[in-house]
1. Quick one: is residue 67 surrounded by 19 or more Cβ atoms within 10 Å (Cβ to Cβ) and either assigned to a strand (DSSP E or B) or out of contact with any helix residue (DSSP H, G or I) (no Cβ under 8 Å at 6 or more places or on another chain) (or both)?
2. Kindly check whether there is at least one residue in segment 23-37 that is outside any helix (DSSP H, G or I), more than 30 Å from residue 187 (Cα to Cα), in contact with a His (Cβ under 9 Å, 6 or more places away or on another chain) and of a type in the set (Asp, Glu).
3. Of the residues 162, 166, 103, only one is closer than 20 Å to residue 51 by Cβ and touching a Ser or Thr at 6+ places or on another chain (Cβ under 6 Å); which?
4. In segment 12-27, how many residues are under 26 Å from residue 128 (Cβ atoms) and either under 16 Å from the mean Cα position of the chain (by Cα) or without any contact (Cβ under 8 Å) to a residue 24 or more places away in the chain (or both)?
5. So which residues in segment 78-90 are over 18 Å from the mean Cα position of the chain (by Cα), crowded, with 16+ Cβ neighbours inside 10 Å and closer than 22 Å to residue 18 by Cβ?
6. Residue 81 passes all but one of (1) in contact with a helix residue (DSSP H, G or I) (Cβ under 9 Å, 6 or more places away or on another chain); (2) over 19 Å from residue 148 (Cα atoms); (3) at pLDDT below 95; which number fails?
7. Can you pull out every residue in segment 91-116 that is of a type in the set (D, E, K, R) and surrounded by 16 or more Cβ atoms within 10 Å (Cβ to Cβ)?
Amino acid sequence: MRKAKIVRKTKETSITAEVNIDGIGDAKVKTGIKFLDHMVASLAKHSMIDIKLQGNGDLVHHLVEDVGISLGEALDKALGNRAGIARFGSAYVPMDDSLAYAAIDLVKRPYSVLELKIDKDGIEDIPAEDIYHFLQSLATSLQANIHVIVQYGQNDHHKVEAGFKALALSLRQACTVDARRKGLPSLKGKM
């Protein structure tokens, strides 16, 4: 089974993240930041990856960043050397007034392009810039190339949630084991 657990303790935060890539989408998320918990739970539900995540910290920014790092590290560890996976995934997701697109490459070259089109300073209990930072931290620690583009929308909550759901579906595709693939999904022979 492709499972992993990461414990990250710093002077600013304490995070425990557990993932099961071959799960059913169960989520037990508690960080004290309600919108972050909601987005991570949505990521779990639609990627079909079981996620258990607990965290606390001194500042919202530190906690959001370290949750992104810890979740990415757990997913990276659970994927192992990435042999046999599809590697790529992409999806469009509508949510009411919003439409978002996401694409992912689990190539082990971290990069992110994020266009969430957030109009306000924040959503619910999280600053807008920290939502971007969470996704950047996730991409870096997962060692993935992640693009999340909101095409349009009026409601910031809907725009971001559509983006997270699109990312979840993309991640689900990319993590899928392809029975026909032998070895690493790369011409280089190395990820």
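The values are calculated or read from the model by the stated rules, or taken from the named source; none is laboratory data. Just so it is clear, the model here is predicted, and its values are computed rather than measured. Neighbour counts are summed over all protein chains in view; Cβ atoms, including those assigned to glycine, are modelled from backbone coordinates with ideal geometry.
1. Values: surrounded by 19 or more Cβ atoms within 10 Å (Cβ to Cβ): yes; either assigned to a strand (DSSP E or B) or out of contact with any helix residue (DSSP H, G or I) (no Cβ under 8 Å at 6 or more places or on another chain) (or both): no.
Criteria not met by residue 67.
2. Just the residues of segment 23-37 that are outside any helix (DSSP H, G or I), to begin with: 23-33.
Filter once more, so that each one left must be more than 30 Å from residue 187 (Cα to Cα): 24-33.
Next, from what is left, pick out any that are in contact with a His (Cβ under 9 Å, 6 or more places away or on another chain): 25, 29.
So of that shortlist, the ones also of a type in the set (Asp, Glu) come out as none.
Looking for residues that are outside any helix (DSSP H, G or I), more than 30 Å from residue 187 (Cα to Cα), in contact with a His (Cβ under 9 Å, 6 or more places away or on another chain) and of a type in the set (Asp, Glu), one finds none in segment 23-37, hence no.
3. Details: 166 fails: touching a Ser or Thr at 6+ places or on another chain (Cβ under 6 Å); 103 fails: closer than 20 Å to residue 51 by Cβ.
After ruling out the rest, the residue left standing is 162.
4. Filtering segment 12-27 for residues under 26 Å from residue 128 (Cβ atoms) gives 12-15, 17, 27.
Filter once more, so that each one left must be either under 16 Å from the mean Cα position of the chain (by Cα) or without any contact (Cβ under 8 Å) to a residue 24 or more places away in the chain (or both): 15, 17, 27.
The total comes to 3.
5. First, the residues of segment 78-90 that are over 18 Å from the mean Cα position of the chain (by Cα): 81, 83-84.
With crowded, with 16+ Cβ neighbours inside 10 Å added as a condition, the list becomes 84.
Of everything in segment 78-90, nothing turns out to be over 18 Å from the mean Cα position of the chain (by Cα), crowded, with 16+ Cβ neighbours inside 10 Å and closer than 22 Å to residue 18 by Cβ.
6. (1)
7. Going through segment 91-116, the residues of a type in the set (D, E, K, R) turn out to be 96-97, 105, 108-109, 115.
Once the filter is applied, which keeps residues that are of a type in the set (D, E, K, R) and surrounded by 16 or more Cβ atoms within 10 Å (Cβ to Cβ), segment 91-116 yields 105, 108.
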